[in-house]
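Report on the structure given below.
What follows is calculated from the coordinates using simple rules that are stated; it is not laboratory data. Model, not experiment: these values are computed from the prediction. As a convention, Cβ positions derive from the backbone with ideal geometry for all residues, glycine included, and neighbour counts pool all protein chains shown.
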Amino acid sequence: MSIWNHKHIIDLACFSLEDYRTVFDLTNKFKIIPISGSRKLPALQGKLIATLFFEPSTRTRSSFELAAKRLSADVQSFSPSTSSLKKGESPLDTVMTYVAMGANVLVIRHSCTGVAEQLAQTLDQKQKNVSILNGGDGLHSHPSQALLDLFTLAQFFNNENPSINDLVGKRITIIGDILHSRVARSNLWSLTACGANVVLCGPPTLLPDEFLDFVNNPPSGIVKDPIKNRGVISISRSLKEAMEDADAIYTLRIQKERMSENLLSSLDRYHDEYGITHESLKWCKQNVPVLHPGPVNRGIEMSGELLDDHSICLVDNQVANGIPVRMALLYLLASNKL
């Protein structure tokens, strides 16, 4: 395994190909561990993983906690509704409380962009030997979701030994609300890094043309792109055009609250123009997989029949792969701590 140089995992803009390979190598090893039963690895025995989710989550939080338990770590979860946040405590004070308790890794989700990075910088300034793993922040980043998506795609293309090489030259179409999606942003970094070409598709209100230059505008602090040759990003307003010759389809959740912002005229019209069905998949290559980060709005992003067709809809695979992928990330961050 290559040397791991990241104390924190905030986004994927700084990931090199070796970083992706390291995550994949560990994921391939951890995926053979059953997700139920008594079998565990002692890799993180004595370590404390704290999940601090300041906004709701089902899949991400549950899989991080199960991943930590599979590695024999102690797990402490945090619930905002029953915490001292109700008494005026700040997120930083909450974080410092868990640091004082001996946490080795803090998995943090917050509705505001940049919170995970700000907390990581503060801990570094205080010289705390604690890692932060971003479980999703605002509209910015969701690195573990993008990594499990990447692994799920590679696994579809090469079930025996999934590798980042399986993504080279693939045409991946991402459909929906790109503007408000931290998942889409993280997937743009990971997919293009591994040589995939990404086609973005959606109405102009949810997909501005500025996304064509997304990977040319990295977050602050990244002076040089660690990837020499990224895949190409293109935009199509036509669902049929975007799906033609696609090797995989990734459709995003429509946030119904955006309806009040007049970004969509109606959900029915959105489904008619951008919803995925068995019929629309005929525009793609044969046996093209469909992914979705969840939760799915049946009859909006995709038809209920397609969601239930597990021969091509990989949502359950994504959920299952989230556990070994997050085991890999927790192991990389926690195993080298005293």
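Neighbours of THR51 by Cβ distance under 11 Å: Lys/Arg scored +1, Asp/Glu scored -1, total +2.
Which entries of LYS7/LYS29; LYS7/LYS47; LYS31/LYS285; LYS29/LYS69; LYS69/LYS128 show an alpha-carbon separation above 18 angstrom in the structure shown?
LYS7/LYS29; LYS31/LYS285; LYS69/LYS128
Principal semi-axes of the equivalent ellipsoid, √(5λ) from the alpha carbon gyration tensor of the chain, are 32, 22, 20 Å from largest down.
Remark: spin-label model distance SER265-ASP309 equals 2.8 nm, labels positioned 7 Å along the Cα→Cβ axis.
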